[in-house]
Structure formats: structure tokens, C-alpha cells
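The values are calculated or read from the model by the stated rules, or taken from the named source; none is laboratory data. Note that the structure is predicted; figures quoted are calculated from it, not measured. FYI the Cβ positions are ideal-geometry reconstructions off the backbone, even for glycines, and counts take in every protein chain you see. Remember, those area values only see protein heavy atoms, side chains included, never the ligands or the DNA or RNA. Shrake-Rupley method; radii C 1.70, N 1.55, O 1.52, S 1.80 Å.
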Amino acid sequence: LKALHYEKFSGSILLTLPLYGFSSMKNKKDFIRWYQGLFSHQNIVDTTMNLSHLSVTAKIGAIYNYVSQHIDKMKNILYMPTTPQDTLYYKKGTPEDKVYLAKALLKQHNIQSFIALARNKYMPVIADYYSPDYYTDTLLYIPLDNKKVLWLDFSNQFKNISSVAHSISGQSALVTLHNSYGAIKNITHNRGIIENHFNHSVTDDKTEIA
């Protein structure tokens, strides 16, 4: 059914009119199955990065800094994927494109990461509703061990790796795992977990991060 009227965000939750929605997705498993189907081709990327001498957290920091600072950020649009190879070639992409490029680069260095989706805390609260319209932001979730995790947020091209956007900090995110399963995790800052200063050099045929 088409919406009769679309009302833009109108301020505090106390000032927001009741919001009704319809979705054919019964639960988060339905949503994750649909979402992962959009990005089944996204892990292919061809680039050379000199990271073998770095620790795991240093590799993550170097890849984050490169994708964040050297890939121009476009408008935040979800569910319209560009391949990591194209994002790397054109040196621009949406925050979601940049998340998938970072994920592909991390995979090349045997670092596991998972796509996570979150909703802006200033948007109206919607309970028990699974739909693509629900989420507003895409992040990368990286478990380092049983206690430490990293959240990579590419919504601001010049924000360092130690923080995430205030609009999603503290929010619950849906982390998409394998085989249509997901987990709800609380988004936190990365302060004190990871190194933040790296040097970059880029050439026409090769990208090196030292």
C-alpha cells in the first residue's frame, strides 16, 4: 500500500504523531535474509595494501582511516549497493558503500566483520516492526575478543575512529550474522581500544598504508 502522506521528522518524540506502518517481514530473520541477498556480491575487491607488519587493531585503524578520508562521502542512501571495487575505483560512495569497502578490505587481511544497521535516536520510536524503512544508518561491527568490539562509522568523512555519530551512539543495532541470523548489540565508542594515527600513500596502480 502506498503511503497517503509522508511527514518529515517534526522534533521531539513528545511532539510526534502516531506512526503506522505495514510490512511483509515478520521478524529480523526475514529482514536479514532480504538484506543479505542485496549484497551477495560485495566481498570482491582488488587492491594491494602493505599491512603485514601491523597489529590487528592497527590494520583496522589504517583501513578505517583510508576509507574514511580518501573515499569521498556521498549522501546517506541505504539499500542501493555499489561494489567495493567500484567504490575504490571512483573514490566516492555512500556511507553504506564505504562500510562494504572496509569490510572487503578487512576480509583480505583475515579480519572478520559484520554489517550492522541502526536507527537515529531522534527519529520516532517504532516497536515490533521490521522493514527497510526502519533503519537509518549502516555501520561495521568488529568483535576483537569476548569483551572488546569496534564500531566503524563512516557517516562523517573527517571523524576519527574513536567515536560514532551522536545520533546513533548508545542505540541498539541489528548485527547481520551468517545464514540470516542477527544479534542486537549496543553501539559504543571505541576510545582507548585502537590506535588512531597512520600515514597513507596512494599511487595509480597500488594503495599502500604504512
> List the pairs whose first member sits in region 54-81 and is touching a residue at least 12 places away in the same chain (Cβ under 8 Å) and closer than 15 Å to L101 by Cβ, whose second member is surrounded by fewer than 16 Cβ atoms within 10 Å (Cβ to Cβ) and among the hydrophobic types (A, V, I, L, M, F, W, C), and whose Cβ atoms are under 7 Å apart, counting only residues at least 6 apart or on separate chains?
Replying inline: H70/V202; P81/L38
> Does I142 satisfy being over 19 Å from A58 (Cβ atoms), at pLDDT 90 or above, in contact with a helix residue (DSSP H, G or I) (Cβ under 8 Å, 6 or more places away or on another chain) and open to solvent by less than 10 Å² (accessible area, probe 1.4 Å)?
Replying inline: no
>> Cβ contacts < 7 Å: first residue farther than 19 Å from T136 by Cβ and in contact (Cβ under 8 Å) with a residue 60 or more places away in the chain, restricted to region 92-111; second residue open to solvent by less than 10 Å² (accessible area, probe 1.4 Å) and part of a helix (DSSP H, G or I), any location; separation 6+ or different chain. Result?
In response: A104/P84; L105/I63
>> When you scan region 114-127, do you find a residue that is touching a helix residue (DSSP H, G or I) at 6+ places or on another chain (Cβ under 9 Å), open to solvent by less than 10 Å² (accessible area, probe 1.4 Å) and over 16 Å from N186 (Cα atoms), even just one?
In response: no
